[in-house]
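Taking it in order: structure first as structure tokens, then the write-up.
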Amino acid sequence: MDDIRLLVLDVDGTLTDGGLYLDATGNELKKFSVRDGAGLTLARTAGIKVMILTGRESEAVRRRAAELHLDWCVQNCKSKRAFLAGFLREQGLRREQVAYVGDDWNDLAAMELAGFVACPADAAELVRRRADYVSGRKGGEGAVRDAVEHLLAARGCLEQVIRDAFLADL
């Protein structure tokens, strides 16, 4: 886990609770956890680039990715594995440099390209069996932050990265 350079995230069921909320005018709403946002700040502070990779298209996702200054936000991706394989080739990244957090069957093929796989507690059974780390938290309730904390703790740098990201002014 010391060599992780890219964190790839699914959205629905991972960064959110998996619900699709539609208002009366057809706008799609999503609930994101502020805790996950803090975890992504930790990842970026530790030098890990972050990519959202989702099969759906949502303005809420684009906005959240921009707010968090994520490196890539790829939406409406019908083959996550094919896209990710090409992306990793272009970036010169090896499997052991990639972490993936997802929750459902459509993530399984892309997960094969990652050296470290995590998932929320409420992920599909096949995904939980494939994962190297199953968070104790559900999707949209801090599972991504938990996975990032696990990665950074395994590196032995979690406390330092927290200081660098959030306590630098003290």
Under a 1.4 Å probe, what is the accessible area of the stretch 1-125 per residue, stated in Å²?
47
Local net charge near Met1, Cβ-Cβ under 15 Å (Lys/Arg +1, Asp/Glu -1):
-2
Determine the relative contact order of the chain: mean sequence separation of Cα pairs under 8 Å and six or more apart, normalised by residue count, in whole percent.
29
Candidates Arg95, Arg130, Arg63; GNM for the chain (alpha-carbon contacts under 10 Å) flags as most fluctuating Arg63
Using +1 on the beta carbon of Lys and Arg, -1 on that of Asp and Glu, and nothing else charged, what's the dipole of the chain about the Cα centre, debye to 20?
320
Using a Gaussian network for the chain with springs between C-alpha atoms less than 10 Å apart, which of these wobbles most: Gly18, Gly92, Gly156?
Gly92
Taking the chain as a Gaussian network, where each spring joins two C-alpha atoms under 10 Å apart, which residue of Asn27, Asn76, Asn106 fluctuates the most?
Asn27
Would you work out what percent of the accessible area of the stretch 1-139, with all protein chains in place, is carbon or sulfur (probe 1.4 Å)?
49
Please give me the summed charge of the neighbours of Arg63: other residues whose Cβ is under 15 Å from its Cβ, Lys and Arg +1, Asp and Glu -1.
0
What is the set of long-range amide H partners of Leu29 at a cut-off below 5 Å, with H atoms built 1.01 Å from backbone N?
Tyr21, Leu22, Asp23
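Given R₀ = 22 Å, FRET efficiency for Lys78-Met1 by Cβ-Cβ distance, to 0.05?
After rounding to 0.05, the efficiency reads 0.15.
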Could you run the Debye sum over the Cα atoms of the stretch 73-170, one equal point scatterer each and no solvent, and tell me log10 of I(q)/I(0) at q = 0.10, 0.23, 0.25 Å⁻¹, two decimals?
-0.31, -1.20, -1.27
Residue-level accessible surface for Val148, protein heavy atoms, 1.4 Å, Å²
10
Are there chymotrypsin sites (Phe, Trp or Tyr not before Pro) in the stretch 1-95 that DSSP puts in a loop and that have at most 16 other Cβ atoms within 10 Å, and which ones?
none
Rounded to the nearest angstrom and ordered from largest down, what semi-axes does the equivalent ellipsoid of the stretch 1-59 get from its C-alpha gyration tensor (root of 5λ)?
27, 12, 9
Using a 1.4 Å probe on heavy atoms of the protein chains only, the accessible area for Glu90 in Å², nearest 10, reads 150
Of all DSSP beta bridges with both partners in the stretch 1-108, the antiparallel percent, nearest 5, is 15
Which percent of Cα-Cα pairs in the stretch 1-160 sits in each 10 Å bin, short to long?
11, 45, 37, 7, 1
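The values are calculated or read from the model by the stated rules, or taken from the named source; none is laboratory data. Because the structure is predicted, anything quoted here is derived from the model rather than measured. Every residue, glycine as well, gets a Cβ built from its backbone with ideal geometry; the counts of neighbours run over all protein chains shown. Please note that ligands, DNA and RNA were not included when accessible areas were found on the heavy atoms of the full protein model with its side chains. Shrake-Rupley method; radii C 1.70, N 1.55, O 1.52, S 1.80 Å.
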